[in-house]
Amino acid sequence: MLPNDKKALTYTTVPLEEDLEVTGHPVISLWVSPTARDGDFFVYLEEVDAEGYSHYITEGVLRASHRKLSEPPFKYMGLPYHRSFEEDIQPMPEGEPVQLIFDLHPISNIFNAGNRIRITVSCADQNNFETPELSPPPTITIHRNSAYASHVTLPVISPEATAAPKQGNLLIIIAIVIVVIVAVVSFSW
């Protein structure tokens with residue numbers, strides 16, 4: 001376990017029965033109730049090998065007061081978009097769960113069979129991000145029930161999507177290529 005994992009909340013799957021390809025932006029949905037009016041939320045995606053050592057894959061961060069989702073002014077692949085304009089910034093309500101939705105940096109990783117997937121949630125990353133110190137330190141509740149279901153959505157690529165074409169499909173592709181070549185040659189004469 002990485003030192004960061006020991007100071008954070010971690011969720012680890014059972015060992016994978018087969019390889020799992022994840023390509024794209026993982027998206028996090030956290031339902032939280034902090035005692036503070038704001039806070040930073042870091043989520044790390046890791047692969048845990050057979051010896052129990054976690055390997056960093058990717059991460060994402062969101063300051064809770066910047067949680068408002070907006071319609072992006074450009075194509076954003078359906079990912080959560082936070083404008084972070086002054087009028088969008090909202091303090092956390094006291095004693096009420098709020099949802100934080102944000103994406104992690106894009107990846108393409110094959111999680112190997114026998115390994116596990118770990119999600120680590122933290123509210124500080126002292127080596128990489130300046131988080132305001134709060135005194136007294138807040139208590140943060142991360143909800144994970146049917147009413148407030150915190151979860152991660154992984155962009156899984158199915159083995160069928162990357163498999164080579166079947167022989168029947170290959171013959172159809174070859175036939176189409178031949179027709180295109182004949183058409184091009186015919187038109188050029």
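The values are calculated or read from the model by the stated rules, or taken from the named source; none is laboratory data. No experiment lies behind these values; they were computed from the predicted model shown. Positions of Cβ are generated from backbone atoms using ideal geometry, with glycine treated the same way; all protein chains shown enter the neighbour counts.
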Within the stretch 147-164, the residues that are modelled with pLDDT of 90 or more, over 16 Å from the mean Cα position of the chain (by Cα) and surrounded by fewer than 15 Cβ atoms within 10 Å (Cβ to Cβ) are Ala147
Item checked: Boolean, Met77 is in contact with a Gly (Cβ under 9 Å, 6 or more places away or on another chain), surrounded by 18 or more Cβ atoms within 10 Å (Cβ to Cβ) and modelled with pLDDT under 95 -> no
Gln90 fails exactly one of (1) polar (S, T, N, Q); (2) within 20 Å of Thr131 (Cα to Cα); (3) part of a strand (DSSP E or B), namely (3)
Exactly one of Ser33, Ser29 is surrounded by 17 or more Cβ atoms within 10 Å (Cβ to Cβ) and part of a strand (DSSP E or B), and that one is Ser33
The condition of being buried (at least 18 other Cβ atoms within 10 Å of the Cβ), out of contact with any Gly (no Cβ under 9 Å at 6 or more places or on another chain), of a type outside the set (A, V, I, L, M, F, W, C) and over 17 Å from Ser150 (Cα atoms) holds, among Glu18, Glu47, only for Glu47
Filtering the stretch 93-115 for residues that are assigned to a loop (DSSP other than H, G, I, E, B) and out of contact with any Asp or Glu (no Cβ under 7 Å at 6 or more places or on another chain) leaves a count of 7
Residues in the stretch 114-141 that are modelled with pLDDT of 90 or more and of a type in the set (A, V, I, L, M, F, W, C) total 3
All conditions in (1) touching a strand residue (DSSP E or B) at 6+ places or on another chain (Cβ under 8 Å); (2) of a type in the set (D, E, K, R); (3) modelled with pLDDT under 95 are true of Asp103 except (3)
